[in-house]
Structures are given as structure tokens and as C-alpha cells.
Amino acid sequence: MNKKNFLLLMFFICFGLQYIAANTFSFRADRMSGSRALGRETTILIGNAEVRSDNLILRADRIEIQGENNRYIECIGNVWGHEEEKNILFSTDRLRYDRRLKIARLEGNSSLEDRQNQVVARSRFIEYDDTNEVAAFQIAVRLFKDDMVCRSEYAIYHRRQKMLDLSGFPVVYKSEDEFRADRIRVDLETDDVIMEGSVSGTIIN
């Protein structure tokens, strides 16, 4: 990129950022480029790329910033993130974040760690709604808390209520006990397990 194009790109970014009054937004990387296709501008960060938006930090091998007022952020390769206010950490192969709706979608080998509630979850797909504090997990779901392990193909984590809904062959291991049902709800504050449909289990006295 020549000096003239670089200055034009920097002007475009700074011009766009002035409209984000309530949000802080910054970035850095080893290399940066820009493109325009069908009227859509894209800023591409490559190598040790990092974006900071409000309380969220995103790092990846490659980050693409798109949309009006830099609304969409797409991270590719060795993605790591930290929501500082709620102290939530996550990692994945690929992530897309909507800054307006504050919704993050993680694809590939993905994990989410809620350090405030001492919950760690892993799956192949995670969607986290930061405004409503709800996370949806799909495919090979594993959730860990203290001596409890939950497994299923689909799960909804209600962070504010500290509740977990499991479906798709769910099973909960609690110490040496095992619980199975069509649907399982877990109170992550009390560790109570509520089961519905085709209930079975093993309890070690």
C-alpha cells in the first residue's frame, strides 16, 4: 500500500469512528489493508490483530471490520476474547461480532469461561447475547462447574438466573451420581437437577 492510499484509508477509519459517540473503538495489527466491493468498505487487520470495543477485547490472526460505523467484526484463526466487565473469556476458530446488537457467534472448537460464576463450557458453535446475558451452545456441548459435568447436543445458559437448559441426549454427572432424561435443567447456584421425560439415573450413597 502506498502512502497516499494508506492516508486515505486512515481518513476513512477515523471519519467512521467519529460517529460512535457512546462507544470506544481501537485496533492494532502487524499489517492493515482496505478494500471496497459493491459499495462495502472492509478494513483487514493481519498478524497479531486486536480490536477493542467498549468492554470487549478481540484478538486473532486476521480481523475484518465491515459495515456502517464498523458494525461487524469477523475474527479468523486463534481467536481469543475477553469481556472485561463480566469477566468472560472465550476462544474459537472463527468469530463474528455485531457491535450494535452485541451478539457474538463462535464457530469451530469453541469455549466460553464465565469466571464470575465459575462455569466453563465447550461446543462446536456458541452464540452469546451480551445484552440479555444468554448463551446458546450446539454440537458436542460440555459444561463444567466444580465437580459437576453436563453433556448434551444443545444447551441454553441463562447467566443472570444461573440456569442451564440441556436437550439432545443430555446427561449430568454430579460427583459419582449420573442423571439422564429427555430434558434437564440445572440450577448452577444450588446444583439442583430437574429432569423431564424418560428419566433415569444412578446415585451412589
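The values are calculated or read from the model by the stated rules, or taken from the named source; none is laboratory data. Just so it is clear, the model here is predicted, and its values are computed rather than measured. Heads up: the accessible areas ignore ligands, DNA and RNA and are worked out on the full protein's heavy atoms, side chains in. Shrake-Rupley method; radii C 1.70, N 1.55, O 1.52, S 1.80 Å.
The figures follow:
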quantity: Computed Rg/Rh of region 101-205, alpha carbon atoms with Kirkwood Rh; calculated: 0.96
quantity: Accessible-area composition of the chain, carbon plus sulfur, in percent [1.4 Å probe]; calculated: 48 percent
quantity: Ranked order, Tyr97, Tyr173 - accessible area, probe 1.4 Å, largest first; calculated: Tyr173, Tyr97
quantity: For the chain, fraction of C-alpha pairs farther apart than 23 Å, in %; calculated: 51 percent
quantity: Total lysine pairs whose alpha carbons fall under 16 Å of each other in the chain (8 or more apart, or interchain); calculated: 4
quantity: Dimensions in Å of region 25-134 - Rg and Dmax from alpha carbons; calculated: 13.6, 46
quantity: Nearest 10 degrees, 0 to 90: helix 3-17 Cα axis against the chain principal axis; calculated: 50 degrees
quantity: Cα-based Rg of region 64-108 normalised by 2.2 N^0.38 Å, two decimals; calculated: 1.13
